[in-house]
Amino acid sequence: MNLNGIDFDTYLKNYPDKNGYFGKYGGAYIPDDLKKAMDEITEAYFTICKSSKFIGELRRIRREFQGRPTPISYLERLSNSLGHVQLYVKREDLNHSGAHKLNHCMGEALLAKYMGKKKVIAETGAGQHGVALATAAAYFGLECDIYMGAVDIRKQAPNVARMKILGANVIEVNEGLATLKEAVDAAFAAYTKEYKDCIYCIGSVVGPHPFPMMVRDFQSVVGIEAREQFIEMTGELPDAVVACVGGGSNAMGMFSGFLNDPVDIYGVEPLGRGPALGDHAASLTYGTEGVMHGFNSIMLKDENGDPAPVYSVASGLDYPSSGPEHAFLRDCGRVKYDVVTDDETIDAFFTLSRMEGIIPAIESSHAVAYAIKLAKEMDKGSVLINLSGRGDKDMDYIIEKYGIR
């Protein structure tokens, strides 16, 4: 497939370029004292990413520890209730630790061991990245510091408990809005002081090069599996693929398997309470170009050009920017990015739970909500949703705020 001069047959080999750019997005906007650390990570990754020993070990871990491949489930009752369009979900909720995050955390922790590091540092919003990295650290015998906003700590108490049980040190961040952006700020600040002995394991396809590329590569297992499984199940490709987008790791993992196929691809952002600044976190829909956390992408800005306050019912999506590759795919027209509200998301959360026996994460419920809307607009066909995580972590918050419907 060739679109706007981009050959998607060779896309994954050509993007990002050697400096970490997807077109004009990406790069590494970092202080000089961190450049050496990032260069070290880049060199180590490129050294081992083609190593049969590294690849073989990662495949063994995925098979024997993570429980991969995760299945695709056909949503028969939900599909029948909507008309003629058939809905399917890729079950990343069944990946060990309950979400897609372990896919890149095991890879990053394995890289840390290769580099001789003793500790991993990360931020987390919904807590799934924190749980996944704490899991990986326990598996490999590494120390683990997880920075988490105070607001998210209260919303995601089950995941905080899991991280602590797994041996991680959960560090509460109280600055600013005390959510995901502030957790990233604090984790980066800690990393600048400790980079000789540790590695910062970014939780999404964001941050300075090589992280957007590296996390995408580790998450691409989702799209590779899903494409093969869907063809085996149905004999054809899906008509549409849908995933939620905050930073965008689950989406890039899924999308990477279908970029060169005649498939419509949709990234779903959180519109939250509405389009007013501060009421949503839909950066690709409402944002403009800007640099934050070491990379150039599309971001939501305040009147001073700084990262704007953001909001989402989903702790894992309330980030004022998105991965640079998502910005590039938006601009070239390969992926359409759209929004759903909190209300639509919560309706989808209960709908999938009641009709299919699958309790989705609130983040994933954004993708389910959009797929339901899409199915109502299509006359026929099929939609494959990336169910990026399970909703165990969200149940106390849902019950407290919305009750049992």
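The values are calculated or read from the model by the stated rules, or taken from the named source; none is laboratory data. No experiment lies behind these values; they were computed from the predicted model shown. Methodologically, a virtual Cβ is constructed for each residue, glycine included, from the backbone with ideal geometry; neighbour enumeration extends over all protein chains shown. The protein model used for the area step is the full one, side chains on, heavy atoms only, and it has no ligands, DNA or RNA in it. Shrake-Rupley method; radii C 1.70, N 1.55, O 1.52, S 1.80 Å.
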With the condition being farther than 28 Å from S79 by Cα, of a type in the set (A, V, I, L, M) and out of contact with any strand residue (DSSP E or B) (no Cβ under 7 Å at 6 or more places or on another chain), I'd like the strands (runs of 3 or more DSSP E) fully within the range 282-358 carrying at least 1 qualifying residues.
288-292
Residue hits (the range 142-184; among the charged types (D, E, K, R), in a helix (DSSP H, G or I) and open to solvent by less than 30 Å² (accessible area, probe 1.4 Å)) are D152, E182
Members of the range 1-23 that are over 22 Å from the mean Cα position of the chain (by Cα), touching a residue at least 24 places away in the same chain (Cβ under 8 Å) and farther than 22 Å from K50 by Cβ
M1, L3, N4, I6
Suppose the filter is in contact (Cβ under 8 Å) with a residue 24 or more places away in the chain, buried (at least 22 other Cβ atoms within 10 Å of the Cβ) and over 14 Å from S321 (Cα atoms); does P238 pass it?
yes
Going residue by residue through the range 194-209, is there one that turns out to be open to solvent by less than 10 Å² (accessible area, probe 1.4 Å) and of a type in the set (S, T, Y)?
yes
Just checking, how many residues over the range 192-218 are out of contact with any Pro (no Cβ under 6 Å at 6 or more places or on another chain) and either closer than 14 Å to K118 by Cβ or β-branched (V, I, T) (or both)?
12
Please indicate, with yes or no, whether at least one residue in the range 46-57 is within 30 Å of H366 (Cα to Cα), modelled with pLDDT of 95 or more and charged (D, E, K, R).
no
Suppose the filter is within 27 Å of I224 (Cα to Cα), in contact with a strand residue (DSSP E or B) (Cβ under 6 Å, 6 or more places away or on another chain) and open to solvent by less than 10 Å² (accessible area, probe 1.4 Å); does E363 pass it?
no
Across the range 196-222, which residue is nearest to the chain's Cα centre (by Cα) among those that are outside any helix (DSSP H, G or I) and within 18 Å of A134 (Cα to Cα)?
S204
By residue number, the members of the range 251-264 that are open to solvent by 10 Å² or more (accessible area, probe 1.4 Å) and under 17 Å from the mean Cα position of the chain (by Cα) are S256, G257
Using the structure shown, decide if K301 is of a type in the set (K, R), open to solvent by 40 Å² or more (accessible area, probe 1.4 Å) and under 19 Å from the mean Cα position of the chain (by Cα).
no
Which one of the conditions (1) polar (S, T, N, Q); (2) at pLDDT 95 or above; (3) surrounded by fewer than 24 Cβ atoms within 10 Å (Cβ to Cβ) does S283 fail to meet, given that it meets all the rest?
(3)
Quick one: in the range 1-19, of everything that is part of a helix (DSSP H, G or I) and not polar (S, T, N, Q), which residue is surrounded by the fewest Cβ atoms within 10 Å (Cβ to Cβ)?
K13
Return yes when F22 is of a type in the set (F, W, Y), modelled with pLDDT of 95 or more and crowded, with 19+ Cβ neighbours inside 10 Å and no when it is not.
yes
Could you give me the residue pairs with C-beta distances under 6 Å whose first residue belongs to the range 164-181 and is in contact (Cβ under 8 Å) with a residue 12 or more places away in the chain, whose second residue is open to solvent by 30 Å² or more (accessible area, probe 1.4 Å) and of a type in the set (A, V, I, L, M, F, W, C) wherever it lies, and which are 6+ apart or on separate chains?
L166/A138; G167/A138; E172/I153; A178/V151; T179/V151
Enumerated helices (runs of 4 or more DSSP H) restricted to the range 31-139, each holding at least 2 residues that are of a type in the set (D, E), out of contact with any helix residue (DSSP H, G or I) (no Cβ under 7 Å at 6 or more places or on another chain) and crowded, with 23+ Cβ neighbours inside 10 Å
none
Report yes if A367 is among the small types (G, A, S) and either at pLDDT below 95 or over 20 Å from G253 (Cβ atoms) (or both), otherwise no.
no
Can you find, within the range 367-405, the residue that is farthest from L102 (Cα to Cα) among those that are open to solvent by 10 Å² or more (accessible area, probe 1.4 Å), in contact with a helix residue (DSSP H, G or I) (Cβ under 9 Å, 6 or more places away or on another chain) and among the β-branched types (V, I, T)?
I404
Within the range 241-280, how many residues are hydrophobic (A, V, I, L, M, F, W, C), in contact (Cβ under 8 Å) with a residue 60 or more places away in the chain and part of a loop (DSSP other than H, G, I, E, B)?
2
Name the residues in the range 41-99 that are within 27 Å of Y191 (Cβ to Cβ), of a type outside the set (V, I, T) and more than 19 Å from the chain's Cα centre (by Cα), would you?
E43, A44, Y45, F46, C49, K50, S51, F54, E57, L58, F65
